[in-house]
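*Asks:* Got a structure here, written out as structure tokens. Questions coming.
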Amino acid sequence: MAKNKSFTSLKVSNKSINTNLSLTCMIKRQNTLMYLVLMFCLLFINPAFAQSDHSGQRRITGTYAITNATVFTQPGKSISSATIILKDGLIKAVGNDLNIPIDAQVIKGDSLFVYAGFIDVASEAGVSKPEDVKRSDDMDPSDPSNEVAGITPEREVLQYWDINNGEITNWRKAGFSIAQLVPKGEMLPGQTALVVYGDKESTNILAESTGLYAQFETARGVYPGTILGLMAKWRELYKNAQLKYEHASLFKEKGNGINRPEKDPSLEAFYKVINGQIPVVFEAEDELEIRRVLRLKKELGFDVVITGVKEGSKLAEDIKGADAKIVLSLDLPDDKASKAKMEDATEEAKKAHERVVAAYKEALSEAASFEAAGIPFAFSSKGAKNGDVFKNIQTMIENGLSEEGALAALTTNPANMLGISSYTGTVEKGKLANLVLTTDSLFSKDAKIKYVMADGYLFEYEASKSKKKNENVEDVVGKWNYTSETPGGTSKGTITFAQESGNLKGEILVDDPDGSGQVTRQLENVHYDGKELSYTFSIIVQGQEIVVNTKGTLSGNEFEGNLSIKDMGTFPFTATKEPDFNL
Amino acid sequence: MKKFTYIMLSIVLFGAKSLYAQTPKGDVLIQNATVLTVTQGTLEETDVLVEDGIIKKIGKDLSASGNIETIDATGKFLMPGIIDAHSHLALDVVNEASAPITAQVSMADVVNPFDVGIYRALAGGTTVAHGLHGSANAIGGQSITMKFRYGTSNPEDIFMKEAPRTIKFALGENPTRVHGRGKNIQPRTRMGVEAIIRNGFAEAQQYKKAWESYNSVKGKKNNTATPPTYDLRLQTLADILDGKIIIHCHSYRADEIYMLINVCRDFGVDKLVFTHVNEGFKVAPELAKYTMGASVFSDWWAYKFEVYYSTAYNAAILMENDVVTSINSDSDELIRHLYHEAAKTQRYGGLTDEQALSLITINPAKQLGIDEFVGSIEEGKQGDLVIFDHHPLSVYAVPQMTFIDGVKYFDINEDEDDQRIKVSPTEMVEPVYLKAEDERCMHGVELFMQEAAAFNHTH
Amino acid sequence: MRKINLTIYVLLFFLLPVLSYGQIEGEVLKPEGGSFLLRGATVVTVTNGILENTDVLISNGKISNIGTGLSASGATEIDCSGQFIYPGMIDSGTRLGLVEVGSLAETQDYSEIGNVTPNMQALTAINPNSVSIPVTRVSGVTTVLSVPSGGLFPGTAALINLNGYTPDQMYTGFNGVPMNFPTSARRGRWDRRSDDEIKKDAEKALKDINDIWERASTYMKLEDAEADLQYYPEMQQLAKVVRGELPLLIEVNKAEDIKNALKWIKEKAVQNAILTGVSEGFRVADEIAAADVPVITGPVLALPSRSSDRYDAAYTNPGKMLEAGVKVAIRTSDAENVRNLPFNAGFAAAYGMGKEEALKAITIVPAEIFGVDDHLGSIEEGKSATLFISDGDPFETSTQIMHVFIDGYKIPMTSRHIRLYQEFLERNPGLEKH
């Protein structure tokens, strides 16, 4: 392997790959030289031509051979004692009695089970939320700008995505290697994109603008402020996009005598949907939301993928009739209520509890019901915990979903749905080198993921579970006295942090906005990385839940930061830890 | 019956295309009842036969063919299904309070067929309800007229498809509080409310014109016209001007009622009903001459300043002045005993039985434009019926059975206590609520005024 | 059911004097004192059965004589043939007089700042000239308990008769201290606290109450020992409750909370406890009966508290409690529409309580609970002449109330609602001027 001396230029080319790719469309100038240079650079993604790496982290080879494994090439089909040869991000061969290339790193697959890498149809992993738009003081809430109203279909999710985000590591660890990223925001947050969870030096982009993402969420205090307004706004935007498209086409065709169409990025973002090039990716959790999506689809006529679905198998006929694609949430309801002890309860309570148990059971068997209704579905990770994925899928299987159906929902169904089955979704020659290797058959209780291969890169995991502990949680544990300055005046109270199996939890004592005295609220999303501490909690004001985000830096016994409330602003916040006399 | 009707029907029609379009229709013969027809007097010891959802025959000694269910109603009273012209029941959202005109929004989008309140309304004899937008805006959203076919999971199954379009308007304290005082935009006064409505109508006229001129040349050779912007709000207002939508206007004071009558007269709009209309009695002659009537509370007053000078005799005064008058609930609680609310007009103004019953049957039907289908017991009308053990205007009356389209949705003797269609899988015991929501009209708008007070702890 | 002719006739009959007086500018109708002989009525005594064709003599504010063929010189005679005499109805839980216009903070006098304010006297803030008072009393509701609200101990409630120009003229013998028992229920659909949070809040509230009760007990003991105590009006008032001088009105609704409240009453040995609200009383009726604590419940025209409850849970609640042996009074919890008390009782009657018991629940039972049955709650000689005359069953909406007497005063049968009716039934000018 020849060492390349042009060290720095290579580094640049690697990092600017995204720009280079988008530049390719400008090559129409026939600048052959430029083209060649670009091609040359692109070739260097291939790590076969590598440079020195003083971190010592780089892999030795891009060629792998997994030997003597049980390979599920696709749902329902398996080969035992098979070998898989992978090279430069592709599956080169699958079968028995294969020759192992000399440059291959061999992974002994004895007792391992191999599956195609999982595909996530709606993921927020690594996606950050765009900053809230500043609202002008004289803004008319009845007629806000699109941006303020949460209508930004022109945004590309990739602008807000970071492959280095720890969430991606977690989801990859759960077996996922391809995800359709969905942007964060409100009603129309932007366009989705397809990525692979590969090496952090790569762009990992498979396709941009794969769908128009939509949610039943609205910005607060402006039109549209509820699903009532949202539905009307949807109709209006779509029809105006159609009219704008008509107008623009006319202008392009005729020109003479036609008024210039006014530029409108939001409406233009709908063009691909109107032309049937991409679907609307609509998040809808329950039956009523799904029906609302179908209603809009029926009126306006777009293709739709419904994501985050938690119920709706009863609507099978309507879903089929509308040719809507279904993506189930990997989140399942908790079993606290259904597992409650009822021995000492009244007859009446027992009867009521039976219905809770039945509802819980029904929720768990939604996947099975969709399968039985003949609706192929995929999964989405949004709103689910990566650690619960297998437990949840096992639960779905216990409640009637076939193992084959579960595997299809993780691999072939999403590949078909996303139109990428030509290059991924199965373990076959020529497909992307995306694999999951488990210690037991995938859905058995003891199965652990040992390796994940994504984009030809191998990631190895401890097969025994050990929970990662928060960094130096002891820094935080204890009682803190806080002060915050808000428009309503200074408020004071205490926050108590405790440690529970390595994780931080806590509660805050805040003034009760609805009355006198103080109330205790549980902290959620507590994160501490050794320096930065963040958490959220919610309070009820006049019946509305308001989420308060707190973020700041910890140094010794001082915690200084900001608390922010959506649409209200950011306010300074300080806290001091009470000395621990028990020490 | 109820939810099982749907289950059975879907089994019977499994796979059949007609399933999507059809709501259950039933057959029933009710025998020997005191029939309160509302429009054609009281018929003693009379039978009513419903076939395929329609009242086929009213008379004595009727016989039913085949195995039609027969109910002996000897000693009982049969009245038409009760109609509530103002309700917010079974709606997931009530107010889109973000703009003074939100004519573009539609309550049909937020109907929640799982609301157990529907069953409770049926248990009080209510079969049809007009689901309105709230009163936060001068012009609110388009309403939905519902037939309470409880048991379905499909909102469209409870839409009353024959009903014409209706829309909510609101005058007085609510829109001025939400927008003027809450957000510092017009309207802050009753002057502003008038201006907002006039502006809306005038803009709609322009909008209509713009589209008419575009459509007249569109498709013609060498035309260079480009489409105007589509505006669902103005389109809806234009539909009001074209007489396609009935206005139901939340109002209290006589002056504001008179104002809207004048605005509508100026714009040639005559499909106008006033709702709440506590001071309607003060402009009863005007309401009688220029509107489709008034839908009032039986006795609500003094809960806010604009209803301080009102009277429980409102309905009686309006009726005696020939205003088409109805009594509505605006409440998930009152909707369960509208027969009792109507009966109060006998204490407050001495209305006859027939007058009192018309307040909750044929009159609201007229105000909703559905009186050819429902609102009285007449041959050819839909089989929406309620059986009571006593005269429904007696305080001791207890509804026994409720039918819609000849299908029984409530039976006091046969029904299970727990009538929820949907149960949360994560709630141990469903929450106990100690207070019903007050005045649903303003539901969901408080936050606009309270946002800034989130950290103001002075209460 | 009646027909219009009769109703209009009756209506015009009793409105006639009003209409003629109305012609005189500035004329105001006042309650009339003196002696009245109510001739030939059916007297529903509540405590001694129904007396047909009986006369009732009112003098010096009291029912001085009940019998047949009575005569009294100087008494104004009122022909009551075909009519009924009932004791004035008592609403045992209202906000009447403490609020004029519901949404206007300037007129809301029922909720003071602070969590422990038992020293706040409802009687002080009751507006004797509230427009709602005449509107209420012409319906035959003559007596109400006006109750402050908010916090753990909102204040001191007062029983008033709905006639008088000063609170003292209205006061009719009962004060009680309401307490909001900590609840694990939601305050409304907007209350989105988690189950754990609700439980924690309730536990904290119970601890607060226990602490305060402890303090009040200490205050009482020291006071009884004639210690020289610092000014502490809150504890001074609560000490009266601990001592049993003032009854404790415990507002509690959810079944589990009711059980906890009963336990608490026993633990603290509360001497004079009354449960109020009790909307889920039917679930624990036997326990309430066994504890022998009286109940004031209502409104009866209310939604069930749980979505799984049978639709008529609130209607049947009073009847079910009564059947289990609980002493039940009915309230409206209203202010401007306390006039709906008889209809709440009517629904309770229709849904299992029966007419007779439902009538007791708004007459003699609350009188007994409040310890004022010596002068209120029934038609008996020597009791206060607080009663009404109707042309039928007062629970029926078609019945008209003909006359109302409060403490022997004949009440003018008018109110804002009636005056507006008189003015606008036939407006002049009508649609056109001249």
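*Asks:* Among the strands (runs of 3 or more DSSP E) contained in region C:70-120, which hold 2 or more residues that are open to solvent by 60 Å² or more (accessible area, probe 1.4 Å)? Outline the logic, then answer.
*Replies:* Numbers: elements: C:76-79, C:84-87, C:89-94.
It comes to C:76-79.
*Asks:* From the set of residues in region B:312-330 that are more than 19 Å from B:T361 (Cβ to Cβ) and open to solvent by 10 Å² or more (accessible area, probe 1.4 Å), which is farthest from the other protein chains (Cβ to nearest Cβ)?
*Replies:* So the first thing to find is which residues in region B:312-330 are more than 19 Å from B:T361 (Cβ to Cβ), and the list is B:312-313, B:317, B:321.
Next, from what is left, pick out any that are open to solvent by 10 Å² or more (accessible area, probe 1.4 Å): B:313, B:321.
Values: B:Y313: 4, B:N321: 8 Å.
This residue is B:N321.
*Asks:* Another question, if that's okay. Condition (residue is touching a Phe, Trp or Tyr at 6+ places or on another chain (Cβ under 7 Å) and either open to solvent by 30 Å² or more (accessible area, probe 1.4 Å) or modelled with pLDDT of 85 or more (or both)) applied to region C:2-20: is it met by at least one residue? I'd like the intermediate steps shown before the answer.
*Replies:* Step one: list which residues in region C:2-20 are touching a Phe, Trp or Tyr at 6+ places or on another chain (Cβ under 7 Å), which gives none.
No, region C:2-20 contains no residue that is touching a Phe, Trp or Tyr at 6+ places or on another chain (Cβ under 7 Å) and either open to solvent by 30 Å² or more (accessible area, probe 1.4 Å) or modelled with pLDDT of 85 or more (or both).
*Asks:* Being within 11 Å of another protein chain (Cβ to nearest Cβ), closer than 25 Å to C:I369 by Cβ and among the hydrophobic types (A, V, I, L, M, F, W, C) is the filter here; which residues of region C:97-127 pass it?
*Replies:* Result: C:V99, C:V116.
*Asks:* Next question, about the same structure. For region C:370-385, state whether one or more residues are in a helix (DSSP H, G or I), surrounded by fewer than 21 Cβ atoms within 10 Å (Cβ to Cβ) and in contact (Cβ under 8 Å) with a residue 12 or more places away in the chain. Spell out how you get there, then give the answer.
*Replies:* To start, the set of residues in region C:370-385 that are in a helix (DSSP H, G or I) comprises none.
Scanning region C:370-385, I find no residue that is in a helix (DSSP H, G or I), surrounded by fewer than 21 Cβ atoms within 10 Å (Cβ to Cβ) and in contact (Cβ under 8 Å) with a residue 12 or more places away in the chain, so the answer is no.
*Asks:* Within region C:224-237, count every residue that is buried (at least 17 other Cβ atoms within 10 Å of the Cβ) and either without any contact (Cβ under 8 Å) to a residue 24 or more places away in the chain or touching a Lys or Arg at 6+ places or on another chain (Cβ under 8 Å) (or both). Full working, then the answer.
*Replies:* Residues of region C:224-237 that are buried (at least 17 other Cβ atoms within 10 Å of the Cβ), as a first pass: C:234-235, C:237.
Within this subset, residues satisfying the condition of being either without any contact (Cβ under 8 Å) to a residue 24 or more places away in the chain or touching a Lys or Arg at 6+ places or on another chain (Cβ under 8 Å) (or both) are C:235.
Count: 1.
*Asks:* In region B:279-336, what residues are more than 18 Å from B:D255 (Cα to Cα) and of a type in the set (D, E, K, R)?
*Replies:* The answer is B:D299, B:E320, B:D322, B:D330, B:D332, B:E333, B:R336.
*Asks:* Scan (1) touching a Ser or Thr at 6+ places or on another chain (Cβ under 9 Å); (2) open to solvent by 20 Å² or more (accessible area, probe 1.4 Å); (3) in the same structural domain as A:A409 (by TED's automatic domain parsing) for the single condition A:D140 breaks and write down its number.
*Replies:* With (1) touching a Ser or Thr at 6+ places or on another chain (Cβ under 9 Å); (2) open to solvent by 20 Å² or more (accessible area, probe 1.4 Å); (3) in the same structural domain as A:A409 (by TED's automatic domain parsing) applied to A:D140, the lone miss is (1).
*Asks:* Restricting to region A:215-274, name every residue that is at the interface with chain B (Cβ under 7 Å from one of its Cβ atoms), surrounded by fewer than 19 Cβ atoms within 10 Å (Cβ to Cβ) and assigned to a loop (DSSP other than H, G, I, E, B).
*Replies:* A:G257, A:I258, A:N259
Residues checked against (1) free of Cβ contacts under 8 Å to residues at least 40 places away in the same chain; (2) within 14 Å of chain A (Cβ to nearest Cβ); (3) within 22 Å of C:G371 (Cβ to Cβ):
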residue: C:S130; (1), (2), (3): yes, no, no
residue: C:V144; (1), (2), (3): no, no, yes
residue: C:N180; (1), (2), (3): no, yes, no
residue: C:R192; (1), (2), (3): yes, yes, no
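*Asks:* Which of the residues belonging to region A:164-186 are in a loop (DSSP other than H, G, I, E, B) and under 12 Å from the mean Cα position of the chain (by Cα)? Even if it seems obvious, please write down each step before you answer.
*Replies:* Step one: of region A:164-186, the residues in a loop (DSSP other than H, G, I, E, B) are A:164-165, A:174-175, A:182-186.
Hits for region A:164-186 are A:N165, A:V182, A:P183, A:K184.
*Asks:* Only one of (1) within 14 Å of chain B (Cβ to nearest Cβ); (2) more than 21 Å from A:A368 (Cα to Cα); (3) in contact with a helix residue (DSSP H, G or I) (Cβ under 6 Å, 6 or more places away or on another chain); (4) touching a residue at least 12 places away in the same chain (Cβ under 8 Å) is not met by A:A340, so which one is it?
*Replies:* (3)
*Asks:* Those residues that are touching a Pro at 6+ places or on another chain (Cβ under 9 Å) and within 11 Å of chain B (Cβ to nearest Cβ), I need them from region C:354-381; list them, please.
*Replies:* C:A358
*Asks:* Quickly run through region C:308-360 and pick out the residues that are among the polar types (S, T, N, Q), more than 30 Å from C:S415 (Cα to Cα) and surrounded by fewer than 24 Cβ atoms within 10 Å (Cβ to Cβ).
*Replies:* In the first step, residues of region C:308-360 are kept if they are among the polar types (S, T, N, Q); the result is C:308, C:316-317, C:332-333, C:337, C:340, C:344.
Restricting the remaining residues to those that are more than 30 Å from C:S415 (Cα to Cα) gives C:308, C:316-317.
Scanning region C:308-360 gives C:S308, C:T316.
*Asks:* Among the residues of region A:295-337, what is the count of those that are open to solvent by 20 Å² or more (accessible area, probe 1.4 Å) and closer than 24 Å to A:E124 by Cα?
*Replies:* Looking only at that region, the number is 8.
*Asks:* Here is a check on your reading of the model: is B:L393 open to solvent by less than 10 Å² (accessible area, probe 1.4 Å) and not in a loop (DSSP other than H, G, I, E, B)?
*Replies:* Numbers: open to solvent by less than 10 Å² (accessible area, probe 1.4 Å): yes; not in a loop (DSSP other than H, G, I, E, B): no.
Here the answer is no, as B:L393 does not meet what is asked.
*Asks:* Also, quick follow-up: Could you list, in sequence order, the residues of region B:306-355 that are aromatic (F, W, Y), within 18 Å of C:R339 (Cβ to Cβ) and in contact (Cβ under 8 Å) with a residue 24 or more places away in the chain? Show your work before the answer.
*Replies:* Here is the first cut: in region B:306-355, the ones aromatic (F, W, Y) are B:308-309, B:313, B:339, B:348.
Subsequent filtering for residues that are within 18 Å of C:R339 (Cβ to Cβ) retains B:308-309, B:313, B:348.
Hits for region B:306-355 are B:Y309, B:Y313, B:Y348.
*Asks:* Something else: Determine whether C:S307 is within 12 Å of chain B (Cβ to nearest Cβ), over 21 Å from the mean Cα position of the chain (by Cα) and in a loop (DSSP other than H, G, I, E, B). Can you show your working first?
*Replies:* Numbers: within 12 Å of chain B (Cβ to nearest Cβ): yes; over 21 Å from the mean Cα position of the chain (by Cα): yes; in a loop (DSSP other than H, G, I, E, B): yes.
For C:S307, the condition - within 12 Å of chain B (Cβ to nearest Cβ), over 21 Å from the mean Cα position of the chain (by Cα) and in a loop (DSSP other than H, G, I, E, B) - is met.
*Asks:* If you scan region B:282-297, which residues turn out to be among the small types (G, A, S), open to solvent by less than 10 Å² (accessible area, probe 1.4 Å) and more than 7 Å from chain C (Cβ to nearest Cβ)?
*Replies:* Of all residues in region B:282-297, those among the small types (G, A, S) come to B:284, B:288, B:293-295.
Filter once more, so that each one left must be open to solvent by less than 10 Å² (accessible area, probe 1.4 Å): B:284, B:293-295.
Of everything in region B:282-297, those that are among the small types (G, A, S), open to solvent by less than 10 Å² (accessible area, probe 1.4 Å) and more than 7 Å from chain C (Cβ to nearest Cβ) turn out to be B:G293, B:A294, B:S295.
*Asks:* To continue, here is another question. Which residue out of C:G298, C:G281 is within 26 Å of B:E427 (Cα to Cα) and surrounded by 23 or more Cβ atoms within 10 Å (Cβ to Cβ)? If you could, list the steps in order and put the result at the bottom.
*Replies:* Details: C:G298 fails: within 26 Å of B:E427 (Cα to Cα).
Just a single option satisfies the conditions, and that option is C:G281.
*Asks:* Checking the conditions here, which among A:E474, A:E485, A:E500 is charged (D, E, K, R), within 10 Å of another protein chain (Cβ to nearest Cβ) and open to solvent by 50 Å² or more (accessible area, probe 1.4 Å)? Working first, answer last.
*Replies:* Values: A:E474 fails: within 10 Å of another protein chain (Cβ to nearest Cβ); A:E500 fails: within 10 Å of another protein chain (Cβ to nearest Cβ).
Answer to the check: A:E485.
*Asks:* If I ask for residues that are out of contact with any helix residue (DSSP H, G or I) (no Cβ under 8 Å at 6 or more places or on another chain), crowded, with 24+ Cβ neighbours inside 10 Å and more than 14 Å from every other protein chain (Cβ to nearest Cβ), which ones from region C:146-169 would you list?
*Replies:* C:L159
*Asks:* Of the conditions (1) surrounded by fewer than 23 Cβ atoms within 10 Å (Cβ to Cβ); (2) of a type in the set (F, W, Y); (3) over 22 Å from C:E100 (Cβ atoms), B:F274 fails just one. Which one is it?
*Replies:* (1) is the only condition that B:F274 fails.
*Asks:* Among the residues in region B:442-456, are any touching a Gly at 6+ places or on another chain (Cβ under 6 Å), facing another protein chain (nearest Cβ under 7 Å) and at pLDDT 95 or above?
*Replies:* No - not one qualifying residue is present in region B:442-456.
*Asks:* Can you name the residue in region A:291-337 that is closer than 23 Å to A:I119 by Cα, in contact with an Asp or Glu (Cβ under 8 Å, 6 or more places away or on another chain) and hydrophobic (A, V, I, L, M, F, W, C) and is also nearest to the other protein chains (Cβ to nearest Cβ) among such residues?
*Replies:* A:L332
*Asks:* May I pose another question? Any idea which of (1) open to solvent by 40 Å² or more (accessible area, probe 1.4 Å); (2) under 22 Å from the mean Cα position of the chain (by Cα) is the one B:T189 doesn't satisfy?
*Replies:* With (1) open to solvent by 40 Å² or more (accessible area, probe 1.4 Å); (2) under 22 Å from the mean Cα position of the chain (by Cα) applied to B:T189, the lone miss is (2).
*Asks:* How many residues does region A:131-145 contain that are touching an Asp or Glu at 6+ places or on another chain (Cβ under 9 Å) and away from chain B (no Cβ under 14 Å)? Walk me through it before giving the result.
*Replies:* Here is the first cut: in region A:131-145, the residues touching an Asp or Glu at 6+ places or on another chain (Cβ under 9 Å) are A:132-133, A:135.
Remaining after also requiring away from chain B (no Cβ under 14 Å): A:132-133.
Qualifying residue count, region A:131-145: 2.
The values are calculated or read from the model by the stated rules, or taken from the named source; none is laboratory data. Bear in mind that the values here come from a model prediction, so they are computed numbers and not experimental data. Quick reminder, even Gly has a Cβ in these numbers, built from the backbone with ideal geometry, and neighbours come from all protein chains shown. The protein model used for the area step is the full one, side chains on, heavy atoms only, and it has no ligands, DNA or RNA in it. Shrake-Rupley method; radii C 1.70, N 1.55, O 1.52, S 1.80 Å.
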